[in-house]
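Data block below; observations after.
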Amino acid sequence: MSSAPHMEAQHVNAITNAAVMIVEQHLGIEAKFSKPYVSGKQFLASDISVVMGVNGQLEGQIICTMEEKTARSIVGNMMGGMEISVLDDMGWSAIQEFGNWVAGRAASELAKAEAVIDISPPVINEGHSRFRMEKTFLTFPLSSAAGEVYLHVSITPSNRS
Amino acid sequence: MASVLIVDDASFMRMMIKDILTKNEFDIAGEAANGQEAVDMFKELSPDLVTMDITMPEKDGIAALKEIQGEHPEAKVIMCSAMGQQSMVIDAIQAGAKDFIVKPFQADRVMDAINKVLG
Ligand SMILES: [Mg+2]
């Protein structure tokens, strides 16, 4: 058993607000968060993971995971409501950018809670895999009409600040 | 027609911006996938306008903006970033950016910014 990670409520809210804003308000896909849970120091990811580093006043990772069919549905929506049968290079780029949008909006929301962060360019991991980290991940499940999107977050105040 | 250099590491975003611009009869001067490419291509192409992402590998958009403005103070750069926090916007404007568009955006927002800057 790992202990619950120390993440302030306002930081948690910033991240959930950001994801809902992007998925619901921008993409027009109905979405709802269920209660976040502690994944511990490792978790098993679904088909696709968008991995982003966080640095600044908070440090760590934001990893956005989903099934391939959810990604296709989100990408189709990003391309203006197209049916996507297979993710091509442009589709992969789009899902990477989706992760960037969510993390970018999270950064804006976190700034309102006085935590200034920067996000590193996203990296995509294709295929089921186990992520491990020294610090604890908190998982935020977002149910949407496009399918489940999970935000695995491990951010803590940096030692430098 | 005015020429635009599109800078974004995501080919998806470059395609979206290119689509908006060509529909509005702008010329695409070129596409750069990181800040260093942006600096090099600006020198080579002297575009009328640049759309500049921030989060990119090699060199980020703020560093590229500073370099471009340093060498070409007349350059017109509009930031297009998912990072919309106030400190980032202030940084960019102080470094010489003419406007700051937060991704994801609507086509109208992009055209308004471009027309204002070129107007
Ligand atoms: Mg980018």
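Read-outs: derived from the displayed coordinates by stated rules, not from any lab. Remember, it's a predicted structure, so these values are computed and weren't measured experimentally. Cβ atoms come from the backbone with ideal geometry, glycine included; neighbour counts cover every protein chain shown.
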Original post:
Quick one: which of A:GLU126, A:GLU114, A:GLU59, A:GLU83 is among the acidic types (Asp, Glu) and farther than 29 Å from A:THR156 by Cβ?
Top reply: A:GLU83
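Give the stretch B:1-31 a look and list any residue that's within 16 Å of the ligand (Cβ to nearest atom), in contact (Cβ under 8 Å) with a residue 24 or more places away in the chain and more than 13 Å from B:VAL110 (Cα to Cα), or say none.
B:LEU5, B:VAL7, B:ASP8, B:ASP9, B:ALA10, B:GLU31 - these are the residues of the stretch B:1-31 that are within 16 Å of the ligand (Cβ to nearest atom), in contact (Cβ under 8 Å) with a residue 24 or more places away in the chain and more than 13 Å from B:VAL110 (Cα to Cα).
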Subject >> Residue in the stretch B:67-105 that is farthest from the other protein chains (Cβ to nearest Cβ), counting only those that are polar (S, T, N, Q) and out of contact with any helix residue (DSSP H, G or I) (no Cβ under 9 Å at 6 or more places or on another chain) >> reply: B:GLN69
Subject >> Hits in the stretch B:39-58 (condition: more than 17 Å from B:MET16 (Cβ to Cβ), more than 12 Å from the ligand (Cβ to nearest atom) and touching a helix residue (DSSP H, G or I) at 6+ places or on another chain (Cβ under 7 Å)) >> reply: B:VAL39, B:PHE42, B:ASP48
Subject >> Verdict on B:THR55 being at negative phi, polar (S, T, N, Q), away from chain A (no Cβ under 14 Å) and crowded, with 21+ Cβ neighbours inside 10 Å >> reply: no
Original post:
For A:ARG130, all conditions in the list (1) out of contact with any Cys (no Cβ under 6 Å at 6 or more places or on another chain); (2) within 16 Å of the ligand (Cβ to nearest atom) hold save one; what is the number of the exception?
Top reply: (2)
Original post:
Restricting attention to the stretch A:100-133, which residues are at the interface with chain B (Cβ under 7 Å from one of its Cβ atoms), over 14 Å from A:ASN55 (Cα atoms) and in contact with a helix residue (DSSP H, G or I) (Cβ under 6 Å, 6 or more places away or on another chain)?
Top reply: A:TRP101, A:ARG105
